[in-house]
Structure formats: structure tokens, C-alpha cells
1. Quote to one decimal, in nm, the extra length available between residue 62 and residue 44 on full extension: 0.36 nm per residue of separation minus the C-alpha distance between them.
2. GluC sites (Glu not before Pro) within segment 39-108: which are DSSP loop residues with at most 13 other Cβ atoms inside 10 Å?
3. What Kirkwood hydrodynamic radius do you get for segment 76-119 when you take the inverse of the mean 1/r over all pairs of distinct Cα atoms, in Å?
Amino acid sequence: MSNNKSQTFQELLAKKKKSGTAYSVLEGVSIVNEELREGWDDLEVDLSLIDSFEGQCRSLFDEEKMKELEASIREIGVTSPVILLKENGEKKHKVISGERRVRACRSIGLSTIPARVCVDRVKA
């Protein structure tokens, strides 16, 4: 294990802005900072408990593609869970991957979404 154990999840999230991918952040959690991630929880999460990630690399959402995604979700549901972070002690989750799916589900009036949740148990 490297000496990066003191690195916080927020520092790892800052890497997302630089790399443009959520997976580099998640890799840092699972490999560099094993104590931050004790496992994933597969849940149906209430959409009212989900906030956008402030470092979201996508700022524009094509309206036509969003309508297509909404129609797909209405027809077959969400086929791939979103990836969320839940910091210890916080009520809300942050979207790491799947912002479009969250927005589409809200738009069509769903109340929950399937999610894989990484809990940052180090942050108090």
C-alpha cells in the first residue's frame, strides 16, 4: 500500500476534473485508499437524496438525447445502475457516474433509481 492513505476522497474527486472520468476516481478509492471503501451497496436510492457532483465534467445535456433516454427508461427501465458516493454522516449521495440517468428519471417522475453506492466511511 502506498503512502497516500491520508488522501481524502475529496482529493480523489479532484482527479476526476483532470482526467474527465469517474473510473479514475473510483480506482483511487479501491486501490490507493482501501480504507475509504469497505464495499459497494446495491440499492434503490430515492432521487430526492441525490445531488449532482460539483465537479461534473459534463455541463451541457443534449435535449434530444435526453428525450431518447427518457423514452428508453419508460419502456425498459434503468438498465445500468448509477454510481454514487455517500459520505459518512451525510444524508445525500453524490453522482459519480450516471448524471444523465438521474436527470431523465427525475424528468419522467420516477422516485427511485438503481444505484451502486460507495460509502466514504473515513469522513466524519
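1. Here the segment from residue 62 to residue 44 would lengthen by 3.9 nm.
2. Hits after loop and neighbour filter: 54.
3. 10.9 Å
Every number here is computed from the coordinates shown, using simple stated rules; none is lab data. Just so it is clear, the structure is predicted and the values come from calculations on it, not from any experiment. Quick reminder, even Gly has a Cβ in these numbers, built from the backbone with ideal geometry, and neighbours come from all protein chains shown.
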